[in-house]
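Nothing in this text is a laboratory measurement; each read-out follows from the coordinates by a stated rule. Every value quoted in this text rests on a predicted model; they were computed, and no experiment measured them. Cβ placement follows ideal geometry from the backbone for every residue including glycine, while neighbour counts extend to all protein chains displayed.
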Amino acid sequence: MIDLEIIVKYTGKTTPLHRFYAESVTIEKELKPHCDGEYPETLIETARPNEPSIYKDYRKNVWEPITKTYCDKIINLLNKIGMADDFAVKFPEFKTQFPENESPKDYLTKNYPDFNSIENWFFSVGLDSMVDDPNSVVAVYPENPIVPDNEYVKPIAHIFDSCNVVGYNNNELCVIKLDEIPDTDYNLLAGFDLSARPSVLIFCDRFTVEKWVKTGNGDKESYSPYYTYEHNLNLLPCFKKGGKIRKYETDKRKFNRTAC
């Protein structure tokens, strides 16, 4: 189970943020105009703080994301990795005898949910988010923590934007805060009062994944657990996408990437 002290720390009135949170979110926002074609409002406001609103509105209406073309070219170039003749995903030989179509290789190459294979998932979803938000996190866990005895666990890769990653300690802990309940979680929340705007905290450490939902408002606000999955891997089932690694004098590292 997740340490109670950690639960109390993140379910208080103020959510603590990891050391590189502000910079990670800034990098994500700086890349939006280049990768997603969003209007760079902060940049324009900084460059022209006293410009009348009529001109600001005009500038916004005629603005075109001319750098997005180059970002798309980078993504297309990276996608060619999967088309290379020598590209392959290799699996170790398993001593365990699996039923037909039930091996990890079958799951990841033929039966992966929604995408058929983890390779399709990466080149369809994972690669794009690695470029436009390199500090985002991939957390791997099953949608339903209760696995029948006659079935194997079906882990799924979940991507969380850097703005949602409030706590991150390499190989030890990842804490994700969501302002909305994931669509796949509503079936796990039967019996909870969701009339107020609920939020969710996801805790991942080297042995457990837990989800807590916030219900109520004001004095009646409280967090309750609704998902517990003990993976017991002795390994954090989360990782940052990465990019250029920046080193600091404290010898601590963060993942970073310059704009395309």
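Projecting each Cα onto the charge dipole of the chain (Lys/Arg +1, Asp/Glu -1 at the beta carbon, about the Cα centre), which of G37, S117, L188 comes out farthest on the positive side?
The Cα lying farthest towards the positive end belongs to G37.
Roughly how large, in nm² to one decimal, is the mean projection of the convex hull of the alpha-carbon atoms in the chain?
19.4
What list do you get for L17, L233 if you sort them by fewest beta carbons within 10 Å?
With the sparsest Cβ surroundings first, the list reads L233, L17.
At q = 0.12, 0.13, 0.18, 0.21 Å⁻¹, what log₁₀ I(q)/I(0) does a Debye calculation on the Cα points of segment 40-97 give, no solvent, two decimals?
-0.58, -0.61, -0.79, -0.89
Return the Rg/Rh value of segment 70-134, two decimal places, where both radii are evaluated on C-alpha atoms and Rh is the Kirkwood radius.
Result for segment 70-134 is an Rg/Rh of 1.08.
Under 5 Å between amide hydrogens, which residues at least 5 positions from Y141 or on another chain qualify, with H placed 1.01 Å from N in the peptide plane?
Distant-sequence amide H within range of Y141: I156, H158.
Given points 7 Å out from each Cα along the Cα-Cβ axis, report the H18 to S224 separation in nanometres with one decimal.
Rounded to a tenth, the inter-label distance reads 3.0 nm.
Which whole-Hz couplings ³J(HN,Hα) result when phi for each residue of segment 225-238 is put into the Karplus expression 6.51 cos²θ - 1.76 cosθ + 1.60, θ = phi - 60°, listed in order with x for Gly and Pro?
x, 9, 8, 9, 10, 8, 7, 6, 7, 6, 8, 5, x, 9
Let me know the charge dipole size of the chain about its Cα centre in debye, to the nearest 20, where only the beta-carbon of Lys, Arg (+1) and Asp, Glu (-1) is charged.
Computed charge dipole of the chain: roughly 940 debye.
Computed FRET efficiency, Cβ-Cβ of V147 and E38, R0 30 Å: what is it to the nearest 0.05?
The computed FRET efficiency comes out at 0.15.
What order, most packed first, do the peptides 162-169, 20-27 have when packing is the mean number of other Cβ atoms within 10 Å of each residue?
Ranking the peptides 162-169, 20-27 by packing returns 162-169, 20-27.
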